[in-house]
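Remarks on the structure that follows.
The values are calculated or read from the model by the stated rules, or taken from the named source; none is laboratory data. This one's a predicted model, so the numbers in the text were calculated from it and none came from an experiment. Cβ coordinates were reconstructed from backbone atoms using ideal geometry, including for glycine residues, and neighbour counts include every protein chain displayed. In case anyone asks, the SASA skips ligands and DNA or RNA and just uses the protein heavy atoms, side chains included. Shrake-Rupley method; radii C 1.70, N 1.55, O 1.52, S 1.80 Å.
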Amino acid sequence: MRLVILDRDGVINEDSDLYIKTPEEWRPIPGSLEAIARLTHAGIQVVVATNQSGIARGLFNVDTLGRIHNRMLDEIHHRGGEIEAIFFCPHGPGDGCLCRKPLPGLLYDIAARFKTSLNSTYAVGDARRDIEAARAAQALPVLVRTGKGMRTIIEGEGLAGVPVYDDLAAFTDAVLSHGISGGA
């Protein structure tokens, strides 16, 4: 099974320090939905793993998150792509859960659900916590410059050997043409 794990905010859609709280605030990053469609057509299953602490903070509820995700899924489907599953952490930073990235709980849940090892699975994110979660779950971390990606690169911590791409479309080009190699 070929599987790719994507963070949501900053990888698939535009991120906001004020959180994505409604379906109307959800805006795809140019080329990201088409990239997911290309992965789908290549036989690669796409799964989303996303922290959604806006729920714990009272900014939106699970029903609203479902409507945001339905909008995303509709837009991806309209372009011929599929998301196999969406895993999310609703907890805040101080809640002590095991699913909030940088902890690997969401990725472990994905491995269990898909009955696979993650050691050959790319996990694409825009923040250091995405890289740390991927490494902890023994997945292959990838960083994109969209979202918080440039800030993550400037901070520079923990990126040794991590491949960096301009965006999800550039990552997809690399995976579908020749594979990728490390080096931040």
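Condition first: under 18 Å from Ala174 (Cα atoms), under 14 Å from the mean Cα position of the chain (by Cα) and assigned to a loop (DSSP other than H, G, I, E, B). Now tell me which residues in the range 116-131 satisfy that. Give the derivation first.
Step one: filter the range 116-131 for residues under 18 Å from Ala174 (Cα atoms), giving 120-126.
Then keep just the ones that are under 14 Å from the mean Cα position of the chain (by Cα); that gives 121-126.
If the condition is that a residue be under 18 Å from Ala174 (Cα atoms), under 14 Å from the mean Cα position of the chain (by Cα) and assigned to a loop (DSSP other than H, G, I, E, B), then Thr121, Asp126 are the ones that fit.
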Say whether the condition of being assigned to a loop (DSSP other than H, G, I, E, B) and at pLDDT 95 or above is met by at least one residue in the range 106-115.
-> yes
Name the residues in the range 8-20 that are at positive phi and either part of a helix (DSSP H, G or I) or among the polar types (S, T, N, Q) (or both), would you?
-> none
Within the range 17-53, residues small (Gly, Ala, Ser) and more than 24 Å from Gly105 (Cα to Cα) come out as Gly31, Ser32, Ala35, Ala37, Ala42, Gly43
Could you pull out the residue among Arg71, Arg57, Arg67 that is touching a helix residue (DSSP H, G or I) at 6+ places or on another chain (Cβ under 8 Å), open to solvent by 70 Å² or more (accessible area, probe 1.4 Å) and farther than 17 Å from Asp7 by Cα?
-> Arg67
Inter-residue pairs, beta-carbon under 6 Å, first small (Gly, Ala, Ser) and in the range 113-133, second surrounded by fewer than 22 Cβ atoms within 10 Å (Cβ to Cβ) and at pLDDT 95 or above, 6+ apart | Ala133/Pro102
When both residues are 6+ apart or on different chains and their Cβ atoms are under 6 Å apart, which pairs have a first residue that lies in the range 56-76 and is under 14 Å from Asn13 (Cα atoms), and a second that is part of a helix (DSSP H, G or I)?
-> Ile68/Pro23; Arg71/Pro23; Glu75/Leu33; Ile76/Leu33; Ile76/Ile36
May I ask you to list the residues in the range 136-162 that are out of contact with any Ser or Thr (no Cβ under 9 Å at 6 or more places or on another chain) and surrounded by 18 or more Cβ atoms within 10 Å (Cβ to Cβ)?
-> Pro141, Val142, Val144, Gly147, Lys148, Gly149, Thr152, Val162
Residue by residue through the range 108-134, note down the ones that are open to solvent by 40 Å² or more (accessible area, probe 1.4 Å) and in contact with a strand residue (DSSP E or B) (Cβ under 6 Å, 6 or more places away or on another chain).
-> Asp109, Tyr122
Could you give me the residue pairs with C-beta distances under 7 Å whose first residue belongs to the range 145-172 and is farther than 16 Å from Pro102 by Cβ and of a type in the set (D, E, K, R), whose second residue is in a loop (DSSP other than H, G, I, E, B) and modelled with pLDDT under 95 wherever it lies, and which are 6+ apart or on separate chains?
-> none
Just give me the residues in the range 21-40 being touching a helix residue (DSSP H, G or I) at 6+ places or on another chain (Cβ under 9 Å), closer than 23 Å to Val142 by Cα, open to solvent by 10 Å² or more (accessible area, probe 1.4 Å) and not in a strand (DSSP E or B), in sequence order.
-> Ile29, Pro30, Gly31, Glu34, Arg38, Thr40
Any residue in the range 74-84 that is part of a helix (DSSP H, G or I) and under 14 Å from Leu6 (Cα atoms)?
-> yes
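Answer yes if at least one residue in the range 132-153 is under 22 Å from Ile55 (Cα atoms) and in a helix (DSSP H, G or I), and no otherwise. Don't jump to the end; show me each part of the working.
At the first step, the residues of the range 132-153 found to be under 22 Å from Ile55 (Cα atoms) are 133, 147-148.
Restricting the remaining residues to those that are in a helix (DSSP H, G or I) gives 133.
Yes - at least one qualifying residue is present in the range 132-153.
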Cross-chain or 6+ apart pairs with Cβ under 8 Å, the range 21-32 first and closer than 17 Å to Val144 by Cα, then modelled with pLDDT under 95 | none
